[in-house]
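Undergrad: So that we are looking at the same thing, I have put the structure below in structure tokens.
The values are calculated or read from the model by the stated rules, or taken from the named source; none is laboratory data. Just so you know, these numbers come straight off a predicted model, no measurement behind them. As a convention, Cβ positions derive from the backbone with ideal geometry for all residues, glycine included, and neighbour counts pool all protein chains shown.
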């Protein structure tokens with residue numbers, strides 16, 4: 001018996017009520033939004049419910065939406081996979097730029113350890129309760145979070161780039 | 001056979017300058033230390049192999065220890081996290097030492113104008129010869145080595161004690 005989308009929606013809506021919303025199919029993956037305070041509980045439920053059984057964390061990442069209102073500046077996206085039914089689900093939760101923190105899910109998935117470190121490294125999201133929240137890919141001395149939209153695209157240390165050769169001046173002369 | 005330097009020859013003797021003899025010996029026994037991080041390293045492998053055969057120039061002995069190397073060949077993208085390691089390798093080499101920067105990434109950061117990549121290795125260590133290209137062909141790398149040989153041949157034995165050289169190292173905090 002395949003795991004029906006409507007079934008999943010019913011179970012989640014019944015359990016979490018107003019905390020969840022915006023159920024939709026996005027790119028072939030069933031997606032819903034959850035309030036950031038309930039994100040940990042929702043993922044716990046998705047993993048441990050005997051019928052839903054989303055026992056594999058495929059990925060975890062952040063997204064920066066600088067044009068949204070401050071309550072929705074950042075999103076954390078969890079991608080879960082049920083290997084038995086071969087069904088995937090996407091859980092989105094929004095964070096405000098003033099309070100950029102969320103409860104860690106390393107207690108549910110050990111694989112979340114490095115994923116959350118990476119998300120912290122690039123977006124500066126504080127995962128509360130993470131056992132070792134420090135930079136994983138960038139150098140430790142770095143003070144900024146490079147995947148935020150306000151971070152400049154090009155390195156300021158570059159000295160050989162002449163705007164004339166990149167079509168950035170009107171007349172192609174200095 | 002390498003032609004002898006300028007000098008006076010007679011019955012059973014040959015007189016020339018010490019600088020020339022030392023330069024000749026150094027130039028034709030440059031032991032390379034390959035610091036290969038990406039595709040330029042593949043070109044270097046071709047350069048060392050039988051077809052292009054860098055051994056013809058006295059560089060057959062690839063030294064994988066900085067302590068027994070004369071010529072540091074940096075081939076590939078150096079990330080900012082890698083920069084202190086490159087510096088340490090350079091520091092461990094004994095004088096006289098030379099550096100060839102192979103490829104666009106090592107010379108200037110190449111296409112990687114971004115937060116994680118060092119914008120040219122000359123930001124952390126002094127460079128003698130730049131070999132441009134993305135990646136450069138083995139002929140270009142061989143040409144770079146020959147350019148370096150010309151530098152080494154004409155270098156004064158006292159250059160490493162000169163105030164200019166000390167000033168150069170001091171500008172890199174070495």
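Undergrad: As an exercise: evaluate residue B:106 against (1) in contact (Cβ under 8 Å) with a residue 60 or more places away in the chain; (2) farther than 29 Å from residue A:149 by Cα and give the number of the one condition it does not meet.
TA: (2)
Undergrad: Yes or no: residue A:167 within 11 Å of chain B (Cβ to nearest Cβ), surrounded by fewer than 17 Cβ atoms within 10 Å (Cβ to Cβ) and either within 17 Å of the chain's Cα centre (by Cα) or farther than 30 Å from residue A:3 by Cα (or both)?
TA: The answer is no for residue A:167.
Undergrad: Being over 25 Å from residue A:144 (Cα atoms) and either within 11 Å of another protein chain (Cβ to nearest Cβ) or buried (at least 21 other Cβ atoms within 10 Å of the Cβ) (or both) is the requirement here; does residue B:148 meet it?
TA: Details: over 25 Å from residue A:144 (Cα atoms): yes; either within 11 Å of another protein chain (Cβ to nearest Cβ) or buried (at least 21 other Cβ atoms within 10 Å of the Cβ) (or both): yes.
For residue B:148, the condition - over 25 Å from residue A:144 (Cα atoms) and either within 11 Å of another protein chain (Cβ to nearest Cβ) or buried (at least 21 other Cβ atoms within 10 Å of the Cβ) (or both) - is met.
Undergrad: Would you check which residues across segment B:123-145 are assigned to a loop (DSSP other than H, G, I, E, B), within 14 Å of chain A (Cβ to nearest Cβ) and farther than 29 Å from residue A:151 by Cα and list them?
TA: B:127, B:132
Undergrad: Scan segment A:15-29 residue by residue and report those that are in a strand (DSSP E or B) and surrounded by fewer than 17 Cβ atoms within 10 Å (Cβ to Cβ).
TA: Within segment A:15-29, A:21, A:22, A:23, A:24, A:25, A:26, A:29 qualify.
Undergrad: Only one of (1) farther than 19 Å from residue B:133 by Cα; (2) touching a helix residue (DSSP H, G or I) at 6+ places or on another chain (Cβ under 9 Å) is not met by residue B:43, so which one is it?
TA: Failing condition for residue B:43: (1).
Undergrad: What do you reckon, is residue A:156 loosely packed, with under 10 Cβ neighbours inside 10 Å and within 13 Å of chain B (Cβ to nearest Cβ)?
TA: yes
Undergrad: Can I ask one more? Could you grab the pairs with beta carbons closer than 6 Å, sequence gap of 6+ or different chains, first residue in segment A:158-174 and assigned to a loop (DSSP other than H, G, I, E, B), second one at pLDDT 70 or above?
TA: Note: pairs meeting the criteria are A:158/B:113; A:158/B:119; A:160/B:108; A:169/A:163; A:172/A:164.
Undergrad: Test residue A:147 against the stated conditions and say whether it is assigned to a loop (DSSP other than H, G, I, E, B), in contact with a strand residue (DSSP E or B) (Cβ under 9 Å, 6 or more places away or on another chain), within 11 Å of another protein chain (Cβ to nearest Cβ) and closer than 28 Å to residue A:56 by Cα.
TA: yes
Undergrad: For residue B:120, work out the one condition from (1) buried (at least 17 other Cβ atoms within 10 Å of the Cβ); (2) over 14 Å from residue B:26 (Cβ atoms); (3) in contact with a helix residue (DSSP H, G or I) (Cβ under 9 Å, 6 or more places away or on another chain); (4) away from chain A (no Cβ under 14 Å) it doesn't fulfil.
TA: The failed condition is (4).
Undergrad: Can you tell which of B:95, B:164, B:91 is at pLDDT below 95, assigned to a helix (DSSP H, G or I), within 19 Å of residue B:35 (Cβ to Cβ) and away from chain A (no Cβ under 14 Å)?
TA: B:91
Undergrad: If you scan segment A:105-138, which residues turn out to be assigned to a strand (DSSP E or B) and surrounded by 18 or more Cβ atoms within 10 Å (Cβ to Cβ)?
TA: Answer for segment A:105-138, where residues must be assigned to a strand (DSSP E or B) and surrounded by 18 or more Cβ atoms within 10 Å (Cβ to Cβ): just A:127.
For every residue, the table says whether it meets (1) surrounded by fewer than 17 Cβ atoms within 10 Å (Cβ to Cβ); (2) part of a strand (DSSP E or B).
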{"residue": "A:42", "(1), (2)": "no, no"}
{"residue": "A:52", "(1), (2)": "no, no"}
{"residue": "A:67", "(1), (2)": "yes, no"}
{"residue": "A:75", "(1), (2)": "no, yes"}
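Undergrad: Next question. Scan (1) touching a strand residue (DSSP E or B) at 6+ places or on another chain (Cβ under 8 Å); (2) in contact (Cβ under 8 Å) with a residue 24 or more places away in the chain; (3) over 22 Å from residue B:31 (Cβ atoms) for the single condition residue B:152 breaks and write down its number.
TA: (3)
Undergrad: While we're here: For segment A:81-96, give me the residue count where each residue is surrounded by fewer than 16 Cβ atoms within 10 Å (Cβ to Cβ) and touching a residue at least 12 places away in the same chain (Cβ under 8 Å).
TA: Summing the residues that are surrounded by fewer than 16 Cβ atoms within 10 Å (Cβ to Cβ) and touching a residue at least 12 places away in the same chain (Cβ under 8 Å) in segment A:81-96 gives 4.
Undergrad: Next question. Which condition number in (1) assigned to a strand (DSSP E or B); (2) touching a helix residue (DSSP H, G or I) at 6+ places or on another chain (Cβ under 8 Å) is the one that residue A:98 fails?
TA: With (1) assigned to a strand (DSSP E or B); (2) touching a helix residue (DSSP H, G or I) at 6+ places or on another chain (Cβ under 8 Å) applied to residue A:98, the lone miss is (1).
Undergrad: Considering every residue within segment B:74-87, establish whether at least one is assigned to a loop (DSSP other than H, G, I, E, B), modelled with pLDDT of 90 or more, within 14 Å of another protein chain (Cβ to nearest Cβ) and over 26 Å from residue A:153 (Cα atoms).
TA: No: zero hits.
Undergrad: Somewhere in segment B:34-46, is a residue more than 14 Å from every other protein chain (Cβ to nearest Cβ), assigned to a loop (DSSP other than H, G, I, E, B) and modelled with pLDDT under 90?
TA: Looking for residues that are more than 14 Å from every other protein chain (Cβ to nearest Cβ), assigned to a loop (DSSP other than H, G, I, E, B) and modelled with pLDDT under 90, one finds at least one in segment B:34-46, hence yes.
Undergrad: Can you name the residue in segment B:98-117 that is within 13 Å of residue B:40 (Cβ to Cβ) and assigned to a strand (DSSP E or B) and, of all such residues, is nearest to the other protein chains (Cβ to nearest Cβ)?
TA: The extreme case among them is B:101.
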